[in-house]
Each structure stands twice: as structure tokens, then as C-alpha cells.
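See structure below.
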Amino acid sequence: MNLNEPINAQRVGQAVGKYRWTICALLFFATTVNYLDRQVLSLLAPDLSTQFGWSNSDYANIASVFQFVYAISMLFAGRVVDKIGTKTAYVIAIGIWSTGAIMHAFAVPMGEGIGAVFSAFGIVMIPVSIAGFMVSRAVLAIGEAGNFPIAIKATAEYFPKKERSFATGIFNSGANVGAILAPICVPLIASLWGWEAAFIVIGMLGFVWVGVWIALYEKPEQQKRLSAQELAYIRSDQVVQVVTRPVPGVVDKKVSWFKLLTYRQTWAFAFGKFMTDGVWWFFLFWLPTYLSAQYGMKGQAIVMPLAVLYSMTMVGSIGGGWFPSYFMSRGDAPYDGRMKAMLVIAFFPLLVLLAQPLGYISFWVPVLLIGVGASAHQAWSCNIFTTVSDMFPQKSIASVVGIGGLAGGLGGVVMTKIGGWVIDHYKLIGDIHTGYMIMFAICALAYLVAWSVMKALVPRHKEITDL
């Protein structure tokens, strides 16, 4: 096959093979493990808080370390992925985050060691358990920050543009599966073998995945399991695929962050992530608190509502990934079809506005309405990620995703701070109902604001060709 010639989709046969979906399955399981590792601490937090005497502020400080380090690491993760390649990057990323997950089991002796070092210099530090868990969360965050930049880049390598959002929706649903499995597995393991075992057993899953990844993943051009027909299909919506041989002694020019920031496409993606990522985190972090404050639900009573909500988000993730193909089948270009789908999706979170007015009927009403909003977020998420691969060349995709990841992480911090301040204020004056109403309104409107700004920045598809 001449890889330098234009690809004509009509010349590609129907039986193109399905190996690309094996890669998608690998990305799905990686994302599942990603969220399993992330959830262990939150599920064990009540028992650990009692055992170590943590206050709510202590736990918040431990949790905030993950969120802040994750946001910063997303920026550098994308850069590293573009430099060292998809296969190696995933091995390193999961190796780091699995190590970080297992480190939680040794947080206390690790904290004692850190405390001894600081004490030798006359420095008074925080309690050893808190210090150990903070370090563990930081290592976990550094590794986990690589998952989405790598997965998006792998999707761009193995799927044509018309299938990328669907593939992204499938692997992104692994986050929801992880969130459903964690409440089932973690308490069971902890009750049988202790809380340390929960971190170790869940953490080891990543190393098992790495072995499968090494065995099955290669770049499409080097993948022996990929047929020539499927490779042609993957490139079927590319006008020209130019392959050049590397020149000895000549290093490919790096694409700087500053260069990427000169493109409106980068700012559109970053703004969309900043506005909407915080909504997802607000739904996940505050739903248990909301059910407790509004309905007096605690402990096992909230397990079923959370399971229902996460199950709904799986539908949104996969369905949202498929949705743009409806517009593409009617003649729209991939980016245009994606933006139309995102506009429709952006209206669904408006239903969250009814959560408080109709909440008197049953707690299931706000749970289901918030579930619609969270499901819409997952549908939005798999599409906004794919706008990057629509417009940027493969060598810069992970870097742009990293920039957007940083923006999304900072948006999450802002939303968390706003939520805490608003809810505490209205709780103090005895009107917590209004506090949640304000936050639900912010969540409901965020997607339409994000879409409007993104469309204003990039009104029509313009692929970047000068990097």
C-alpha cells in the first residue's frame, strides 16, 4: 500500500476488520481501573477518619492535593505523551498511578519517615497519617493525569474521525463502571482483609492491565493484527496521509505550549473544559451531602441512588459518542456534526433546574434529574475531547488535551470552592434549599455558555496544518 496517496473512502471494502475495537476495549479497562483507584480513599474515608482522628478539614486537604496535582500534571502529561508515544506513555502512567494507589496502604509508616526527616531539621509538620496520604494522593494524581491525553491520542491513531467520539464515549464509560464497582468491591475487601488490602488489591489491577497493553498495542502502521483494509479504513476520512522517513541526526521540532496557545481552537477546548468539568465534580462530590442535608440519608441508604446515577451516565457516555454520527450520516463534516450534537446535549442539563422545585415529591426526583445532567456531561465530554483530534495533528493532540485538562481541573477547584461557600452561607441562615438551587442553576447553564463561546471562537472547522 502506498501511504502517501490520497485515501478514497469508497474504495475501502465493507469487511475492514475490528481490531481497532480491541484497542478501544483496552482504553475502557484502563479508565475503569483509573476510577477504581481514585475512589478507594473516598469510600474508606469515614472509617479512616475515625481511626486517625481526621477532621473534615483534614480530609478535604488530603482530597484537594489530588485535585490540584492532577490539574497541573495534566498539562505536562500531554506534553510527555506527544514526545514519547502512546504505548510507552501508558506503561509509565499506569505504573506510576498503580504505585501511588498501593502507597496508600503504607501511608502511616511513610508519614512517620517523612516526619522524622522534618523533625531532624526542627520543622514541625502535620500528623503522620495525613502526610502519608497526601504524598500517596500526589503520586496517584501524577500518574492518573496521563490517562485521558493518552487515550484520546490512541483513539486518534486507531479510528477515523467519524468514529472517534463513539470510541471515546465507550472508553470514557469506564469511569462510570469504575464508580459503580468501587462501592461494591472496596468495602468487601476492607472487611475481609483490612483497609490496607483494599488499596493494594485495587492498585495491582493496573499492573495486570499493563501486561495486556504491552502484548496487544502497537502503532497502526506496525500492528501485525491490523489488516491493510482496516488501516485504510482508519485513514479513510483523511485527504492525504504523508509518511516521511526520519532523517538521521535531525530531531523533530517540538510544538511549544505558547505556539498552541496562539490558536483559537486551543482556547475553545480549554474554555469548554473549564466551564463544564467542575459540574461533573460538583455532582459527584456533593450528591451524598445533598441527600443527607435534604433527606437525612446516610450510609448504605445512598448506595442505590449513586448506583442508579452512575448507570445513567454510562448511557450518556456511549449514546453521546454515537450521536454525532447521526449528523455526519446526513452530510455534515465531523466537526460540524459534533458541534450540532453538543448543542443538543447542552440543553439536557437544564432539567437539573427542576431538582429543587420538584424535590418534595421524592428523593428519586432530584437523583434522576441530576442523573440526566451527569449523563449529559459524559455525552458532552466524549465529544469535546474529540474536537481536538478533529482539528490538530496527531503529534500535538495530547499536549492540547493536557492544556484543556489543566483548565478543567482549575474549573473543578473553582466550582468546589463556590459550592462550599454558597452552601455554607445558606446553611448558616437556615435556607440551604436556596443554596443548592443556586448551584444547580450554575450547573444547568454551564454547557450552553461553554458551547456559545466555543462556537464564537471556532465558528467553522479549520484544521491546523502548520505545526
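The values are calculated or read from the model by the stated rules, or taken from the named source; none is laboratory data. Predicted, not measured: the structure shown is a model, and the values here were computed from it. Neighbour counts are summed over all protein chains in view; Cβ atoms, including those assigned to glycine, are modelled from backbone coordinates with ideal geometry. Accessible surface areas use protein heavy atoms only, side chains included; no ligands, DNA or RNA. Shrake-Rupley method; radii C 1.70, N 1.55, O 1.52, S 1.80 Å.
Does Met312 qualify as being without any contact (Cβ under 8 Å) to a residue 60 or more places away in the chain and not in a loop (DSSP other than H, G, I, E, B)?
Considered against the rule, which asks whether it is without any contact (Cβ under 8 Å) to a residue 60 or more places away in the chain and not in a loop (DSSP other than H, G, I, E, B), Met312 comes out as no.
Any idea which of Leu75, Leu48, Leu26, Leu41 is assigned to a helix (DSSP H, G or I), farther than 26 Å from Val303 by Cβ, open to solvent by less than 50 Å² (accessible area, probe 1.4 Å) and modelled with pLDDT under 90?
Unique residue meeting the criteria: Leu75.
With the requirement that a residue be among the hydroxyl-bearing types (Ser, Thr, Tyr) and either open to solvent by less than 60 Å² (accessible area, probe 1.4 Å) or in contact with a Lys or Arg (Cβ under 7 Å, 6 or more places away or on another chain) (or both), what does segment 309-329 give you?
Tyr310, Ser311, Thr313, Ser317, Ser325
What number of residues within segment 106-134 satisfy the criterion of being surrounded by fewer than 20 Cβ atoms within 10 Å (Cβ to Cβ) and at pLDDT 90 or above?
1
Kindly indicate whether any position in segment 270-285 is open to solvent by 30 Å² or more (accessible area, probe 1.4 Å), in contact with a Phe, Trp or Tyr (Cβ under 8 Å, 6 or more places away or on another chain), hydrophobic (A, V, I, L, M, F, W, C) and assigned to a helix (DSSP H, G or I).
Yes, some residue in segment 270-285 is open to solvent by 30 Å² or more (accessible area, probe 1.4 Å), in contact with a Phe, Trp or Tyr (Cβ under 8 Å, 6 or more places away or on another chain), hydrophobic (A, V, I, L, M, F, W, C) and assigned to a helix (DSSP H, G or I).
Looking at segment 205-223, which of the residues that are closer than 14 Å to Ala156 by Cα and open to solvent by 40 Å² or more (accessible area, probe 1.4 Å) is farthest from the chain's Cα centre (by Cα)?
So, considering only residues that are closer than 14 Å to Ala156 by Cα and open to solvent by 40 Å² or more (accessible area, probe 1.4 Å), the one farthest from the chain's Cα centre (by Cα) is Glu221.
In segment 333-436, which helices (runs of 4 or more DSSP H) lie fully inside it and hold 3 or more residues that are open to solvent by 50 Å² or more (accessible area, probe 1.4 Å) and among the hydrophobic types (A, V, I, L, M, F, W, C)?
Those helices (runs of 4 or more DSSP H) span 334-347, 394-428.
Hey, among the residues in segment 135-181 that are within 13 Å of Phe29 (Cα to Cα) and of a type in the set (Phe, Trp, Tyr), which one's least open to solvent (accessible area, probe 1.4 Å)?
So, considering only residues that are within 13 Å of Phe29 (Cα to Cα) and of a type in the set (Phe, Trp, Tyr), the one least open to solvent (accessible area, probe 1.4 Å) is Phe171.
Being open to solvent by 40 Å² or more (accessible area, probe 1.4 Å) and hydrophobic (A, V, I, L, M, F, W, C) is the filter; apply it to segment 452-467 and report the residue that is nearest to the chain's Cα centre (by Cα).
Looking at the filtered set, the residue picked out is Val453.
Against the conditions (1) under 21 Å from the mean Cα position of the chain (by Cα); (2) open to solvent by less than 60 Å² (accessible area, probe 1.4 Å); (3) modelled with pLDDT of 85 or more, where does Leu226 fall short? Just the number, please.
Of the numbered conditions (1) under 21 Å from the mean Cα position of the chain (by Cα); (2) open to solvent by less than 60 Å² (accessible area, probe 1.4 Å); (3) modelled with pLDDT of 85 or more, the odd one out for Leu226 is (1).
Out of segment 182-194, which residues are open to solvent by 40 Å² or more (accessible area, probe 1.4 Å) and farther than 15 Å from Val308 by Cβ?
Of everything in segment 182-194, those that are open to solvent by 40 Å² or more (accessible area, probe 1.4 Å) and farther than 15 Å from Val308 by Cβ turn out to be Cys185, Pro187, Leu188, Ser191, Leu192, Trp193.
Exactly one condition in (1) modelled with pLDDT of 80 or more; (2) open to solvent by 20 Å² or more (accessible area, probe 1.4 Å); (3) closer than 27 Å to Gly411 by Cα is not met by Ala60; state its number.
(1) is the only condition that Ala60 fails.
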